């Protein structure tokens, strides 16, 4: 080892050690009133970029303090693969009396990082630490080294626990530059502390509170993106550059070949229109090519060749997107792979052009003609988005997981980072039609039929695929039990046969004691199968935006036949509320002995900004109050 390299490594060790020792025995903490089980006293990371070959070393040391309660099992982990090696891996305890005890190898574990992959060399390695006592500190340390492919690195900090300090050191070789971006947190300066070493410090980071309908972790975890640049060498400086660079890799994997040409010809009868051909190829890859992820080394982010995927008849999202792109290009249709992420996993920061922000791949198809009317068309264009991995969403639509998210169109001169189409709330609907009879002692009987469209349809199709009929029945019973304590019979499921058809569930129902019999008065809740049932907004002060999985509309039309001679105390009953993000109307009218109930709840936006959350929650509470209010029918 030459003297320069030795001196450089020694400097890295000294810098890291100085940071490590600073707060290792901290006993005064900034979160005395926290309800968390743990506090992170210090999370220390030293990132070192090395040349020849280009690789990245990451040293990390975390110190957790158990507070408030004993923790039966505490888990800490990192990952390893053929691209990322773990060179140091250890953990120990430090009790109140400063006695240090190393945690033995028997508490280590190793498991696949992606359980859905058939085979992946990415492994999660960690510790299961038993019986962590209040006041005890747990120290976890590891060093990893990996090959650099995109000259970028992402660091993620969970906000499950309060964090007293995050201390990041970044060391680069002479002549290099480092830039950074911070997601989901206020901007913190990067300070130069040595000639080639920089530091970022976060202090007193609160945990994310438990609030109903809260944003996913991808919108609250702190993420730091590092971009390494060397003057005179290519660097990822824009989304357009990234699209061209990665697009070139994907396009080479989608090059035409005889096997794909033969398969494409075999799928057609010769009478199809251009649009019918596109649909047939899309549905072939969606339904006939099985989703199986084999992610070894670069296979975790580079697709296999299209003809290879066709020959084995399986692949992951990248492979299926590449195969469909190749088959479409074979019939003269322009298509592009699109990198994106389901909204639960990530939101895209446009200031950080990086493949590390994406977790999924779909296809953008340039449709012929201009008279197409598909939900998944980009407004004002002929660009149709299609997910060949998703077995439940038909051609022409996108699942709610992808609607409205950012997508990077690869290799297109006209499109780069775009917003995927987003269905309006009118497309995601659940409607219920019911006819019931209420007898004079309060028993309810009748039948109901549920119709599901859009995102609601997608969820029911997925449930129907993974659960048996009894489990589907139990799901419905659990939903209804809060309101009417039902007994169901003649339970029937009708999945859609065509893309535009709804998913249907119908059944007969009995509910003993649905109404309370007070001699000549029946007391009951006329709102059946209501969606707003419990109060998810349990805290008075809101600190996060309100986030629903998707916008939707739910309607109900019920007829309840009252016992002869009974009449509502008030007729009609109408409640109507509106909010910039939602509308609600409940109408109850008695005609003869028939009670006609109409209910409509429309959530027009799935994300309500924090500054508008207070008004929305008040609106929600108005509905909750109405839907938990009982009605009286009096015998005349």
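Read the figures in this text as sums done on the coordinates, not as results from a lab. Note that the structure is a prediction, hence the values are computed from the model and not measured. Please note: Cβ atoms are built from the backbone with ideal geometry, for glycine as well, and neighbour counts cover all protein chains shown.
Below, the figures for the structure above:
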quantity: Relative contact order (%) - criterion: Cα under 8 Å, at least six apart; region: segment 239-419; calculated: 26
quantity: Percent antiparallel among DSSP beta bridges (both partners in the chain, rounded to 5); calculated: 90
quantity: Value of relative contact order over the chain, rounded to a whole percent, pairs C-alpha under 8 Å and six or more apart; calculated: 10
quantity: Rough spin-label spacing in nm, given labels placed 7 Å along Cα→Cβ, for residue 520 and residue 154; calculated: 7.0
quantity: Segment 429-635 shape via C-alpha gyration tensor axes, a/c threshold 1.5; calculated: oblate
quantity: Taking 38, 148 and counting other C-beta atoms within 10 Å, the order from fewest to most; calculated: 148, 38
quantity: Net lengthening on full extension, residue 478/residue 587 (0.36 nm per residue, minus Cα-Cα); calculated: 36.6 nm
quantity: Helix axis angle, 469-484 relative to the chain longest principal axis, alpha carbon, degrees; calculated: 70
quantity: FRET efficiency for residue 414 and residue 622, using Cβ-Cβ distance with R0 set to 45 Å, rounded to 0.05; calculated: 0.45
quantity: Sorted by Cβ neighbour density within 10 Å, fewest at the top, the residues 218, 174, 308; calculated: 174, 308, 218
quantity: Extension gain, residue 614 back to residue 271 (0.36 nm per residue minus Cα-Cα distance, nm); calculated: 117.7 nm
quantity: Where a label projected 7 Å from the Cα of residue 51 along Cα→Cβ would reach, residues of segment 164-201 with amide N under 19 Å; calculated: 170-179, 194-198
quantity: Helix axis angle, 239-253 relative to the chain longest principal axis, alpha carbon, degrees; calculated: 90
quantity: Linear extension gain, residue 100 paired with residue 313, 0.36 nm per residue minus alpha-carbon span; calculated: 71.2 nm
quantity: Ranked 239, 176, criterion: other C-beta atoms within 10 Å, fewest first; calculated: 176, 239
quantity: Alpha-carbon centroids, segment 361-403 and segment 189-268: separation in whole Å; calculated: 23
quantity: Residue-averaged [θ]222 nm for the chain, counting only DSSP H segments that reach four residues, each worth -39500 (n - 2.57); calculated: -6500 deg cm²/dmol
quantity: Enclosed volume per residue, in Å³, of the convex hull spanned by Cα atoms of segment 239-419; calculated: 113
quantity: Among (1) 156; (2) 200; (3) 146, the entry derived from the coordinates for volume of the Cα convex hull per residue in Å³; calculated: (2)
